[in-house]
Amino acid sequence: MVQSLETMPFVLNLDTVNLTDEQFWHLCQANRDIPLERSAKGELIIMPPVGGISGNREANLITDLNIWNRQTGLGKVFSSSTIFKLPGGGDRSPDAAWIKLDRWEALTPEEQEKFPPICPDFVIELRSRTDALKPLQEKMQEYLNSGLRLGWLINPQDEQVEIYRLDQDVEIVSFPVSLSGEEVLPGFVLNLPI
């Protein structure tokens, strides 16, 4: 039997341990080869590496977003290696993220250097083959609770996208689809499947 390179995220319940933001920062720095996140509930999540198909899809998403951003100069694009300290709780790493330039520049250099204490204006989460859908939906809700303006949960397994907007119900659209960045990312279009 061939073992997959992808495995499920591993969640540690830290009810009895209350990591401060500084302790979490140091934990991540001491374990740079282990992608960590912390949920709004305080759970420590060890994120597994993705396989080739998911890695390629993620790279394509970031590339498309970054090309649009370079043309418009409206903000900053971030990869899945970036952890954001969300105002609503949690320290999360979306697969791709974008922050409007004036919001990014309002952060101090130290805030920009560490885990930025800001929720992105836009995020993409890409469900890999072994990801359970519910934890990704909960993660998207954490972004919304922190002020996310637009988010896409791309689900190749079910050939659909869940579109998250501030103060609106989740919209589900099926592949093939052309997604619009709406007023958040004016002129940005992503055609799926990728």
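The values are calculated or read from the model by the stated rules, or taken from the named source; none is laboratory data. Everything numeric in this text was worked out from a predicted model, so none of it was measured. Note that we place each Cβ from the backbone using ideal geometry, even for glycine, and neighbour counts take in every protein chain shown. Just the protein is used for accessible areas: all its heavy atoms, side chains included, with ligands, DNA and RNA removed. Shrake-Rupley method; radii C 1.70, N 1.55, O 1.52, S 1.80 Å.
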### Query
If you look for lysine pairs in the chain that are eight or more places apart or on different chains, how many of them have Cα atoms under 14 Å apart?
5
### Query
What shape does the chain take by its C-alpha gyration tensor, where a ≥ b ≥ c are the square roots of the eigenvalues and a/c under 1.5 counts as rounded, a/b above b/c as prolate, and the rest as oblate?
oblate
### Message
Over all directions, the average projected area of the alpha-carbon convex hull for region 91-194 comes to how many nm²?
### Response
6.9 nm²
### Message
Need the full-extension length gain, residue 182 to residue 67, defined as separation in residues times 0.36 nm minus the C-alpha distance. One decimal, nm.
### Response
39.7 nm
### Query
In nm, to one decimal, how far is the residue 34 label point from the residue 167 one, both placed 7 Å along Cα→Cβ?
4.2 nm
#### Entry: Cα pair count fraction exceeding 17 Å, expressed as % - region 30-127
54 percent
### Task
Considering only 29, 160, 141, give the residue with the highest GNM mean-square fluctuation for the chain, with springs between Cα atoms whenever their separation is below 10 Å.
29
### Summary
Listed residues 171, 125, 110; largest mean-square fluctuation, Gaussian network over the chain with Cα springs below 10 Å, found at 110
## Note on the structure
accessible surface per residue for the chain, probe 1.4 Å, DNA/RNA/ligands not counted, whole Å² -> 53 Å²
### Task
Quote the FRET efficiency, to the nearest 0.05, computed for residue 157 versus residue 111 with a Förster distance R0 of 30 Å and r equal to the Cβ-Cβ distance.
0.25
### Query
Picking from 94, 116, 176, which is most flexible by a Gaussian network model of the chain using Cα springs under 10 Å?
176
